[in-house]
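Just below is one structure, and these are the notes that go with it.
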Amino acid sequence: MAALEEGFTLTAVPLGSGPDGPLGVEQSDKTDQFLVTDSGRTVILYKVSDQKPLGSWSVKQGQIITCPAVCNFQTGEYIVVHDNKVLRIWNNEDVNLDKVFKATLSAEVYRIHSIQGTEPLVLFKEGAIRGLEALLAEPQQKIETVISDEEVIKWTKFFMVFRHPVLIFITEKHGNYFAYVQKFNSRILSKYTLLLGQEEKSVTQSFSTSVHRKFISLMSLSSDGCVYETLIPVHPSDPEKNQRVVPSLLLKSVVSGNARSGVALTILDQDHVAVLGPPLSASKECLSIWNTKFQTLQTSKELPQGTSGQLWYHGENLFMLHGKFLTVIPYKCEVSSLAGALGKLKHGQDPDIHAMTHFVNWETSQGYGLGSQNSEQSKRILRRRKIEVSVQPEVPPSTQLLAAVQKDSEKHIEVELRKFLAVKRTPDFHTIIGDVVIGILGRYKAEPSFYPRNCLMQLIQTRVLSYSLCPGLMESALEKTDVQILQICLQQFPDIPESVTCACLKIFLSIGDDSLQETDINMESVSDYTATIQDGEIEQQTEILQNGFNPEEDNCENCAQELIEKPQAATEESTSCPVTGKRAALLENATMTLPGIHPPTLNQIMDWICLLLDANFTVVVMIPEAKRLLLSLYKFVKSQISICSELNKIEVSFRELQKLNQEKTNRELYSIEVLELF
């Protein structure tokens, strides 16, 4: 059950000078404080519990704020953009925005996003995305164009998926809608064509999104008054390809189909959405909460002064423009249950809140109305459906998936897998996943051409598999030289045998660079690999001489002259690394997830190995048979130390010679030079 509590006015004066109300309401670094940006020149910081402003900042006369102000949760500072390109950063102690930090950018900004756990992101009107720090380091950097001509950004959202930032934005061109999903852990931008609405002339008026396992649930409120849901995969099968996604009808006639403005949609939790707009063509605008699981209207509240069609959701508060004032309406949503959806739960209710229970007509197969049918006809339909249900019980998605694995095509199996992953997890979820993997591998052995790689990727990413549950998975990946699946298995499986690990290592070392270049590999473990090298590690390594001398100087008489002519080439040759970035990602940062309550760390394991080696070395030293070997080793090491000592003595002299050769560039064809060494 859901309830809307009594609302209150947050602003004491009419807000904003524009016709569309405020630009945005964003969370501050304090839970109870929010930044409200009007459509003119002002940003106000409010404390909701006290219903009073804590601070106000304005740009100069003639300037206009063009995107909502946000809080940088890493620094506690505030960020806003005015006149499309001018970025300002300030804090609570600042009074005048004209005197705070200013950066003029080279392209127009659409929106700045900021959430907990990551740095703010800047989305430009042409579709390019930049991190705030990288943008401030070079404000006039060139901004590329991502979207096509006449394509306009309509809506955008920034959120975290498995601790990785993801940004989605929706664009429109000639009535067609497109979704762009940017994952920042892999730097992949995926594009999807959205087939929204069932009418040719339907216009999408509002969007909202949430993350549901491996899918992004994109909900849209169309001009036909219905809510549609589109599932966008977090890990697409072909990220570079423009894919088409088809929506499914979620709610019918939540608002009047004649309403062309003043409507909005936002997701509150897994089973509830808030809708702003008139439910009937002649009624006043309302704020309502719908249960999407049981398709029922839970509660509704009239807004007689009208709204601007803007709805913001933060915590347990809904923000909207009621008349000309920003209003806050607290709400409560209980855990979704059939009794709650039917309004049968016993609870106190505010008399000013009109609680309603509105049912979708399950009998009608066409149209968007919620009308009733003749009672006798309804009884006949219900009786017929009872008979059909008794004869043909509904097949669970898990059973459909297991049956599809045995005989259907890879594409159909992927569809059934998405359906199964979209439903709520049951206690036997990990067992079903294991059975599906075993079924796929069994069919692969019988049909070597059958290898549903995308399905295997999704199954592994459920994080319920282990090597012991499906030992044939990594063996099949080794046969196919599928390094991407091997990488994920090594990161997630806690019980991989040593022989399999060694086989993976051989594959990683032997596979060609050309094959790795075409493979999608998670580069997160080596994200700073190149930057670290460029920041000076290589330069430091080039200064270290091997055994006190440079071996290149011993190969030819004219090496000094070559150093003068091609110093850069010699440096690049000496600093080349034999391991590419993708191969390094396969070899570095192995995840140690060992069984047990207190498993040892990687450092503890290395200490134990070193201790074993030291113990065995001690045993070898103590036996009489090792005396001759120890004497030989002692003589060899002593001679090496002597050689290194002598070479180190003349190291400085060689450096001085090199400096003199570099300084004397103007030489004749023949000359005699006398150099004194001390």
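The values are calculated or read from the model by the stated rules, or taken from the named source; none is laboratory data. Everything numeric in this text was worked out from a predicted model, so none of it was measured. FYI the Cβ positions are ideal-geometry reconstructions off the backbone, even for glycines, and counts take in every protein chain you see. Heads up: the accessible areas ignore ligands, DNA and RNA and are worked out on the full protein's heavy atoms, side chains in. Shrake-Rupley method; radii C 1.70, N 1.55, O 1.52, S 1.80 Å.
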**Q.** THR618 paired with ASP32, simple spin-label distance in nm, labels 7 Å along Cα-to-beta-carbon
**A.** 6.3 nm
Q.
Quick check for you: with a 1.4 Å probe and neighbouring chains kept, what is the accessible area per residue of the stretch 604-655, in Å²?
A. 90 Å²
Q: Would you tell me the accessible area of MET160, worked out with a 1.4 angstrom probe on the heavy atoms of the protein chains, in Å² to the nearest 10?
A: 70 Å²
Q. Stretched out fully, how many nm does the piece from GLN140 to LEU189 gain, at 0.36 nm a residue minus the Cα gap?
A. 15.3 nm
Q) Mind checking which lysines have their C-alpha under 24 Å from LYS627, skipping anything on the same chain fewer than 8 residues away? A) LYS635, LYS638
Q | Contact order relative to length of the stretch 140-255, as percent, for alpha carbon pairs under 8 angstrom and 6 or more apart | A | 18 percent
**Q.** Pairs of alpha carbons in the stretch 604-655 whose separation is greater than 12 Å (percent)
**A.** 74 percent
**Q.** Surface accessible to a 1.4 Å probe, THR307 within the full protein complex, Å²
**A.** 30 Å²
Q: Using only protein heavy atoms and a 1.4 Å probe, report how much of HIS174 is accessible, in Å² to the nearest 10.
A: 140 Å²
Q: Would you please put 175-181, 290-296, 57-63 in order of how densely packed they are, using the mean number of other Cβ atoms within 10 angstrom per residue and starting with the highest?
A: 290-296, 175-181, 57-63
(Q) With the crude spin-label approximation of a point 7 Å out along Cα→Cβ, what separation in nm comes out for MET606 versus LEU505? (A) 1.4 nm
Q. Per-residue HN-Hα couplings for the stretch 600-607, Karplus 6.51 cos²θ - 1.76 cosθ + 1.60 at θ = phi - 60°, whole Hz, x for Gly and Pro?
A. x, 7, 5, 5, 5, 5, 5, 5
Q) If R0 is 51 Å, what FRET efficiency do you get for GLU93 and GLU302 from their C-beta distance, rounded to 0.05? A) 0.75
Q | Amide H contacts under 5 Å for VAL203, placed H, 5+ residues apart | A | SER223, ASP224
Q: Could you tell me the number of lysine pairs in the stretch 397-518 with C-alpha atoms less than 18 Å from each other, where the two lysines are 8 or more residues apart or belong to different chains?
A: 5
Q. For CYS286, which sequence-distant residues (separation of 5 or more, or a different chain) have an amide H within less than 5 Å of its own amide H, given hydrogens modelled in the peptide plane?
A. GLY277, LEU303
(Q) Output wanted: per-residue J couplings in Hz (rounded whole) for the stretch 482-497, from phi through Karplus 6.51 cos²θ - 1.76 cosθ + 1.60, θ = phi - 60°, x for Gly and Pro. (A) 8, 5, 5, 5, 4, 4, 5, 4, 5, 7, 10, 7, x, 10, 7, x
Q: Assign unit charges at the C-beta atoms only (+1 for Lys and Arg, -1 for Asp and Glu), then state the dipole size of the stretch 397-518 relative to its Cα centre in Debye, rounded to the nearest 20.
A: 460 debye
Q: Starting from the Cα of THR104, step 7 Å toward the Cβ, then list every residue of the stretch 135-150 with an amide N under 14 Å from that point.
A: 139-141
**Q.** Largest to smallest principal axis extent of the C-alpha atoms in the stretch 397-518, angstrom
**A.** 41, 29, 25
Q) In whole Hz, what ³J(HN,Hα) sequence does the stretch 617-631 give by Karplus (6.51, -1.76, 1.60; θ = phi - 60°), x for Gly and Pro? A) 5, 4, 4, 5, 5, 7, 7, x, 5, 8, 5, 5, 5, 5, 5
Q: Pull up all non-local amide H partners of VAL211: gap of 5 or more, or a different chain, and H-to-H distance under 5 Å with H placed in the peptide plane.
A: SER217
Q. Based on the Cβ-Cβ distance of GLU126 and ALA403, what FRET efficiency does E = 1/(1 + (r/R0)^6) give at R0 = 56 Å, to the nearest 0.05?
A. 0.75
Q.
Using a Förster radius of 45 Å, what is the FRET efficiency between ASP149 and GLN517 based on their Cβ-Cβ separation? Nearest 0.05, please.
A. 0.90
Q.
Can you find, among LEU490, LEU516, VAL405, the residue sitting farthest towards the positive end of the charge dipole of the stretch 397-518, where Lys and Arg contribute +1 and Asp and Glu -1 at Cβ?
A. VAL405
Q: Compute the separation of the alpha-carbon centres of the stretch 19-76 and the stretch 142-158 and state it in Å as a whole number.
A: 25 Å
Q) What do you reckon, how do ARG88, ARG163 stack up by accessible area (1.4 Å probe), largest on top? A) ARG163, ARG88
